[in-house]
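*Asks:* Got a structure for you, questions after.
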Amino acid sequence: MSAEVENKSVTDEKPPAAEEAKKIVDEPVVEKKEAADPKEKKEKQEEPAAPPAPPPPRVHKADFQKDVVYLYQFSRTPVLPSLSPYCLKVETWLRLQGIKYENVDHKLKFRSAKGQLPFVELNGEEIADSAAIISKLGQHFGADLDTNLSKDDKNKSHALISMIENHLCWVYVYWRSKNPDAMIKGCKLNLQHALGSRMPNAVLNLVFKLTYSRKGAKKVKAHGLGVHSAEEILEFGKEDLQVLEDTLGENDFFFGEKPTNLDVVVFSHLSQIAYVDKAVEYDLRDHFLENCPKLNALLTRIKERAFPDWDEITSTLGLNTHIEEEKKDSEKDSKEKEGKETEKESEVIKDEGKEKDEKEEPKKEVDEAKS
Ligand SMILES: N[C@@H](CCC(=O)N[C@@H](CS)C(=O)NCC(=O)O)C(=O)O
C-alpha cells in the first residue's frame with residue numbers, strides 16, 4: 001500500500017523530548033563560571049573531561065516503556081486490520097507470540113529510515129522491514145515460531161515465503177494499481193480517517209487514485225510482472241494459490257498443529273485478496289473463494305487465534321483494541337478479586353461472630369441457671 005503523504009524519516013523528525021534533551025546538553029553552564037574566575041579556569045582545564053552525554057534516542061516514541069514494542073503501520077480499514085501485508089504480518093506475529101506491543105497512531109506521517117512501513121521501535125531503537133523485525137524481536141524475546149521445524153521444512157518455508165512476497169504480492173498490487181476505484185470501494189478505504197485529514201474524501205480519493213495507480217504500476221513494471229497482460233497476471237496468481245492450497249493439504253497449519261512464520265505470511269497476504277468486499281468485481285478473490293477452501297479455512301483459523309478482536313478492530317478502526325481489552329480484563333480481575341476479598345472478609349466477620357456467639361452461649365446458660 002502506498003499513499004502520497006508527508007514522508008519524514010526518523011533522522012529529520014526529532015521528537016520534542018529529544019529536542020529538549022539536546023537543549024539541556026547544549027546549555028553553557030560551565031562557560032559562565034569560567035568567565036568569572038580565570039584562576040579557577042586554569043584548574044578547571046586540568047580536570048579530566050566529563051564523559052559526553054549519551055545521545056538522545058533516535059526514535060519518535062521518546063517516553064517508551066522498556067521491552068514494549070511500538071509498531072508503526074498503516075491505519076485500520078473496515079475489511080482488514082491493515083492493507084499492508086507486511087504490517088499485518090508483523091502484528092499477527094506479535095499477537096501469536098504474545099509480545100507486548102502498542103500501535104502508534106501516526107496518521108501515516110512516518111516511514112522507517114529505509115522509507116517504508118512497517119517499522120518498530122524497541123528500547124529506543126528502530127527496526128525496519130518485517131523480516132528483520134521478526135528476526136530481531138525473536139532474538140530479543142526468545143520467540144521463534146519456526147523453532148521446531150526441520151532444516152528441510154525451514155527451506156520449504158523460505159521458498160514459499162519468497163514466492164508469496166516476491167511474486168504473488170505483485171499480482172494483487174497490480175490489480176490494486178489498475179483498479180484504484182475498486183480498491184477504495186472493496187477495502188472501504190476512508191482516507192480522511194487514514195491520514196487524519198480534514199480534506200474531503202472526494203479530493204483525497206482523487207489524489208490517491210492518481211498517485212497510487214501511477215506509482216503502483218511503475219513498481220509492478222520494475223518488478224517485471226507488469227509487462228504481462230492482465231489475464232496472464234491473473235493466471236500467475238491462480239498458480240501460486242494452487243501451490244499453497246496443495247501444500248497445506250489436510251493440515252491445520254502448514255507444518256502441523258501450530259502456526260509458523262509461513263502461516264503468518266500466507267495469512268497476511270491472502271487476506272488482502274480474500275477479504276476484498278464482494279461489492280466489487282475481483283477475479284482473483286472469486287477464484288480463491290471457489291477453489292481454495294483449505295487456505296480459506298486457514299485464514300479463519302489464524303484470524304480467530306491472533307485477532308479475537310477482529311470485529312472490534314474493523315468496526316471501530318481502533319489501533320489498540322488489544323490494550324483496551326487487556327485493561328478491561330485486568331479491571332474485571334481486580335474487581336472480582338476485590339469482590340472475593342470482601343466476601344472473605346464478611347465470612348471472617350461472620351465466623352468471628354459465630355465464635356463469639358458460641359463462647360457466649362454457655363455464659364448465657366449459666367446466667368439463666370443462676371436466675
Ligand atoms: N520488505 C519490506 C516491504 C515493506 C513495504 O513494501 N512496505 C510498503 C507498504 S506495503 C511501503 O511502506 N511503501 C511505501 C509507502 O507506502 O510510502 C517489509 O517486509 O517490511
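The values are calculated or read from the model by the stated rules, or taken from the named source; none is laboratory data. These numbers come from a predicted model, not from an experiment. Note that each Cβ is placed from the backbone with ideal geometry, even for glycine, and that neighbours are counted across all protein chains shown.
*Asks:* Among the numbered conditions (1) surrounded by fewer than 19 Cβ atoms within 10 Å (Cβ to Cβ); (2) within 11 Å of the ligand (Cβ to nearest atom); (3) among the basic types (K, R), tell me where R111 comes up short.
*Replies:* Every condition holds for R111 apart from (1).
*Asks:* Filter segment 114-145 down to residues that are touching a helix residue (DSSP H, G or I) at 6+ places or on another chain (Cβ under 6 Å), buried (at least 17 other Cβ atoms within 10 Å of the Cβ) and either touching a residue at least 60 places away in the same chain (Cβ under 8 Å) or over 26 Å from S197 (Cα atoms) (or both), then give me how many there are.
*Replies:* 5
*Asks:* Then there's this: Would you say L204 is surrounded by 16 or more Cβ atoms within 10 Å (Cβ to Cβ) and modelled with pLDDT of 95 or more?
*Replies:* Yes: the conditions hold for L204.
*Asks:* For segment 114-150, what are the residues that are part of a helix (DSSP H, G or I), within 16 Å of the ligand (Cβ to nearest atom) and within 23 Å of F254 (Cβ to Cβ)? Can you show your working first?
*Replies:* Taking segment 114-150 as the starting set, the residues that turn out to be part of a helix (DSSP H, G or I) are 130-141.
Checking which are within 16 Å of the ligand (Cβ to nearest atom) leaves us with 130-138.
Within segment 114-150, S130, A131, A132, I133, I134, S135, L137, G138 meet the criteria.
*Asks:* Then there is this: Quick one: how many residues across segment 217-276 are surrounded by fewer than 18 Cβ atoms within 10 Å (Cβ to Cβ), small (G, A, S) and more than 18 Å from K294 (Cα to Cα)?
*Replies:* Qualifying residue count, segment 217-276: 5.
*Asks:* Would you confirm whether or not segment 94-102 contains a residue that is among the basic types (K, R), within 16 Å of the ligand (Cβ to nearest atom) and either modelled with pLDDT of 95 or more or buried (at least 18 other Cβ atoms within 10 Å of the Cβ) (or both)? Steps first, please.
*Replies:* Restricting attention to segment 94-102, the residues satisfying the condition of being among the basic types (K, R) are 95, 100.
Next, from what is left, pick out any that are within 16 Å of the ligand (Cβ to nearest atom): none.
No, segment 94-102 contains no residue that is among the basic types (K, R), within 16 Å of the ligand (Cβ to nearest atom) and either modelled with pLDDT of 95 or more or buried (at least 18 other Cβ atoms within 10 Å of the Cβ) (or both).
*Asks:* Which residue, of S157, S177, S130, is farther than 30 Å from N201 by Cβ and small (G, A, S)? Working first, answer last.
*Replies:* On the way: S177 fails: farther than 30 Å from N201 by Cβ; S130 fails: farther than 30 Å from N201 by Cβ.
Sole residue among the options that is farther than 30 Å from N201 by Cβ and small (G, A, S): S157.
*Asks:* Just name the residue that is farthest from the chain's Cα centre (by Cα) out of those in segment 284-339 that are closer than 19 Å to V265 by Cβ and in a loop (DSSP other than H, G, I, E, B). Steps first, please.
*Replies:* Within segment 284-339, the first condition is being closer than 19 Å to V265 by Cβ, and the residues that meet it are 284-285, 288, 292, 294-307, 310.
If we keep only those that are in a loop (DSSP other than H, G, I, E, B) as well, we get 292, 307.
Working: C292: 27, F307: 11 Å.
Once the filter is applied, the top-ranked residue is C292.
*Asks:* Does segment 310-332 contain any residue that is surrounded by 15 or more Cβ atoms within 10 Å (Cβ to Cβ) and of a type in the set (D, E, K, R)?
*Replies:* yes
For (1) over 30 Å from I134 (Cα atoms); (2) in a loop (DSSP other than H, G, I, E, B); (3) in contact with a Phe, Trp or Tyr (Cβ under 7 Å, 6 or more places away or on another chain); (4) in contact (Cβ under 8 Å) with a residue 40 or more places away in the chain, each residue gets a yes or a no:
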| position | (1), (2), (3), (4) |
| --- | --- |
| L168 | no, no, no, yes |
| Y174 | no, no, no, yes |
| D181 | yes, no, no, no |
| K188 | no, yes, no, yes |
| V203 | yes, no, no, no |
| F236 | no, no, no, yes |
| E245 | no, no, no, yes |
| S271 | no, no, no, yes |
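*Asks:* Among (1) in a loop (DSSP other than H, G, I, E, B); (2) of a type outside the set (D, E); (3) buried (at least 23 other Cβ atoms within 10 Å of the Cβ); (4) near the ligand (Cβ under 10 Å from one of its atoms), there is one condition K89 misses while meeting the rest; what is its number?
*Replies:* So K89 meets the others, but not (1).
*Asks:* When you scan segment 317-324, do you find a residue that is among the polar types (S, T, N, Q), in contact with an Asp or Glu (Cβ under 7 Å, 6 or more places away or on another chain) and over 17 Å from L145 (Cα atoms), even just one? Steps first, please.
*Replies:* Keep residues of segment 317-324 that are among the polar types (S, T, N, Q), which gives 320-321.
This time we only want the ones that are in contact with an Asp or Glu (Cβ under 7 Å, 6 or more places away or on another chain), so: 320-321.
From the residues that got through so far, the ones that are over 17 Å from L145 (Cα atoms) too are 320-321.
Yes, that holds for at least one residue.
*Asks:* Which of the numbered conditions does L160 fail, given that it passes all the others? Conditions: (1) farther than 25 Å from L94 by Cα; (2) among the hydrophobic types (A, V, I, L, M, F, W, C); (3) away from the ligand (no atom under 13 Å from the Cβ).
*Replies:* Exception for L160: condition (1).
*Asks:* So, in segment 63-81, of the ones that are in contact (Cβ under 8 Å) with a residue 60 or more places away in the chain and within 13 Å of the ligand (Cβ to nearest atom), which residue ends up farthest from the chain's Cα centre (by Cα)?
*Replies:* L80
*Asks:* Are any residues in segment 188-208 charged (D, E, K, R) and in contact with an Asp or Glu (Cβ under 7 Å, 6 or more places away or on another chain), and if so, which ones?
*Replies:* First, the residues of segment 188-208 that are charged (D, E, K, R): 188, 198.
K188, the sole residue that qualifies.
*Asks:* Now for a separate question. Only one of these is assigned to a helix (DSSP H, G or I), modelled with pLDDT of 95 or more and out of contact with any Asp or Glu (no Cβ under 8 Å at 6 or more places or on another chain): E232, E281. Name it. Spell out the reasoning first.
*Replies:* On the way: E281 fails: assigned to a helix (DSSP H, G or I).
Of E232, E281, the one residue that is assigned to a helix (DSSP H, G or I), modelled with pLDDT of 95 or more and out of contact with any Asp or Glu (no Cβ under 8 Å at 6 or more places or on another chain) is E232.
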